[in-house]
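Step one of this worksheet: look at the structure below.
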Amino acid sequence: MKILFVYPRFQRHAQAHPELLEFVPMNEYLGSPSLGLACIAAVTPPNWEIEFRDDRLTPADTPTDADLVALSFFTAAASRAFQLGDYFRAQGKPTVAGGIFPTAMPEDTQVHFDSVVVGEGDGVWPQLLRDAEAKSLKPRYDSIPCALDTLPLPKVSLYIDREGPGFSPDDYPVQLSRGCPLSCHSCILPVSMTKTLREYPLAQVIGQLDQLARKGKRACLTEDTSWLPGKGNRLLSALFDHLLATGQEAAVSYVGISMPMILATPLALLQKARRAGVDMFYLVGGFDPITMRAFNGQDPQALSRAHAAIAKCHEAGIDPYTSFLYGQDDDDEGTVDRMLEFAATSGIKKAEFAIFTPYPGTPSWKRLVAEDRILTRDWTLYNDANCVYRPAKLTPEQVTKGYLRLWREFYADKRHFLQESQEERTIQF
Ligand code: SF4
């Protein structure tokens with residue numbers, strides 16, 4: 001038996017707005033596919049031969065001799081995934097969809113696929129394959145929460161083996177945990193991975209890092225949940241201890257974090273991160289009570305907490321590559337000036353800018369659907385680079401204009417990046 005795994009393409013910021021390539025003196029970086037398919041490939045029994053297609057690199061809609069075709073995708077890739085589902089079904093191939101979008105919108109997905117996996121797929125995958133072998137695939141498989149200590153390492157070789165011109169990331173994601181007990185308004189993670197934080201055993205995390213190191217790759221720890229006080233940051237701290245004890249200070253490229261997490265984390269742990277080789281945070285914003293209020297001009301306390309968070313990163317010696325989210329209900333045109341001033345006065349060197357997008361499955365999506373403020377269900381536009389809903393104080397056109405101004409003006413005095421090393425001048429946009 002043979003399975004074809006497909007990662008569908010989606011529109012990136014610079015494809016939606018080519019002028020960004022003029023404004024931003026950085027390299028556009030094509031990162032790793034998300035870990036979903038690598039996790040599913042790892043629990044695929046050896047009697048199944050595996051083929052992988054990354055539709056971002058080569059169009060995936062070409063004939064295949066596979067017995068089953070499985071796609072994993074998030075919202076921005078959903079429209080393309082639907083095309084691919086239709087294509088492979090027309091070729092007579094049984095098709096399966098899983099990932100964030102199918103979990104949030106199973107009924108919409110079902111129209112284009114024979115079978116939809118809702119939630120984490122690892123637990124139901126062996127049964128789904130047995131059903132496929134018996135030609136009795138069910139229309140829907142609901143996730144069975146599985147103990148993370150029973151899972152094999154993600155099969156990242158699936159991605160690394162496809163490297164070549166145009167795709168050669170120096171880092172790949174490593175998971176420390178799944179799930180999150182919080183409910184940030186625009187985050188899907190508690191829905192797609194449950195509201196219980198479940199952490200991997202340290203040995204499994206080290207195993208993920210080691211398999212990357214053997215391929216000459218670094219690990220990026222993308223989830224901000226790594227810093228959740230208690231079992232979250234205990235695991236992270238233990239990982240840093242391991243890196244220090246084994247001299248692997250180059251193993252981690254960056255760690256995801258948020259401003260509340262920075263302020264809640266003891267400085268000593270941030271400093272340990274630095275000693276363990278972490279020199280960059282991916283600082284996500286727009287989800288949390290600090291960044292949702294710091295730039296609306298009405299909450300000086302939130303603004304001063306935002307300054308304190310950046311100052312604490314600098315004190316620990318870690319650069320915060322900061323992501324600003326524009327176009328939420330409290331934002332007005334002055335938000336652009338306030339974000340730019342904040343970035344300049346706090347000493348942020350690298351930043352990215354995104355348009356607030358209510359992703360299906362999130363609390364924001366449910367609220368805006370109920371308020372009839374969703375403007376389009378063209379999922380291609382759900383990529384943080386387009387305004388897809390009606391904001392309270394701005395028109396969608398003003399949001400797009402402000403977003404482009406943020407990119408243009410933040411990078412206007414940073415042409416020196418053109419002379420920097422490849423690593424220094426690389427971001428994803
Ligand atoms: S943004 Fe982070 S802290 Fe908030 S719900 Fe999502 S994973 Fe949890």
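So the check is Cβ under 6 Å with 6+ separation or different chains; which pairs have a first residue in the range 189-208 that's at positive phi and a second one that's within 16 Å of the ligand (Cβ to nearest atom) and modelled with pLDDT of 90 or more?
Thr194/Gly179
Given (1) closer than 28 Å to Glu424 by Cα; (2) without any contact (Cβ under 8 Å) to a residue 12 or more places away in the chain, where does His314 come up short, assuming only one miss?
(2)
Looking at the range 251-272, which of its residues are within 29 Å of Gly216 (Cα to Cα) and either within 16 Å of the ligand (Cβ to nearest atom) or not assigned by TED's automatic domain parsing to the domain that holds Ser186 (or both)?
Across the range 251-272, the qualifying residues are Tyr254, Val255, Gly256, Ile257, Ser258.
Of all residues in the range 185-207, how many are touching a strand residue (DSSP E or B) at 6+ places or on another chain (Cβ under 7 Å) and modelled with pLDDT of 95 or more?
Of the residues in that region, 1 qualify.
Which one of Pro33, Pro18 is crowded, with 20+ Cβ neighbours inside 10 Å and not in a strand (DSSP E or B)?
Pro33
For the range 196-211, how many residues are in contact with a Leu (Cβ under 8 Å, 6 or more places away or on another chain) and either in a loop (DSSP other than H, G, I, E, B) or hydroxyl-bearing (Ser, Thr, Tyr) (or both)?
Matching residues across the range 196-211 total 3.
Has the range 204-212 got any residue that is within 12 Å of the ligand (Cβ to nearest atom) and either touching a helix residue (DSSP H, G or I) at 6+ places or on another chain (Cβ under 6 Å) or not charged (D, E, K, R) (or both)?
There is no residue in the range 204-212 that is within 12 Å of the ligand (Cβ to nearest atom) and either touching a helix residue (DSSP H, G or I) at 6+ places or on another chain (Cβ under 6 Å) or not charged (D, E, K, R) (or both).
Taking the options Gln419, Gln398, name whichever one is modelled with pLDDT under 95, more than 22 Å from Tyr282 (Cβ to Cβ) and not hydrophobic (A, V, I, L, M, F, W, C).
Values: Gln398 fails: modelled with pLDDT under 95.
The match here is Gln419.
Could you look through the range 218-237, keep only residues that are in a helix (DSSP H, G or I) and more than 13 Å from the ligand (Cβ to nearest atom), and pick out the one that is surrounded by the fewest Cβ atoms within 10 Å (Cβ to Cβ)?
Lys231
Looking for something touching a helix residue (DSSP H, G or I) at 6+ places or on another chain (Cβ under 7 Å), within 24 Å of Gln83 (Cα to Cα) and at pLDDT 95 or above - is there at least one such residue anywhere in the range 360-371?
Yes, the range 360-371 contains a residue that is touching a helix residue (DSSP H, G or I) at 6+ places or on another chain (Cβ under 7 Å), within 24 Å of Gln83 (Cα to Cα) and at pLDDT 95 or above.
From Ala392, Ala344, Ala354, which residue is more than 27 Å from Glu424 (Cβ to Cβ), surrounded by fewer than 23 Cβ atoms within 10 Å (Cβ to Cβ) and out of contact with any Cys (no Cβ under 6 Å at 6 or more places or on another chain)?
Answer to the check: Ala392.
Just checking: which of the strands (runs of 3 or more DSSP E) contained wholly in the range 273-391 hold 3 or more residues that are in the same structural domain as Arg218 (by TED's automatic domain parsing) and within 16 Å of the ligand (Cβ to nearest atom)?
On the way: elements: 280-284, 319-326, 351-355.
Correct list: 280-284, 319-326.
The values are calculated or read from the model by the stated rules, or taken from the named source; none is laboratory data. Just so we're clear, the structure is a prediction, and the values are computed from it rather than from any experiment. Quick reminder, even Gly has a Cβ in these numbers, built from the backbone with ideal geometry, and neighbours come from all protein chains shown.
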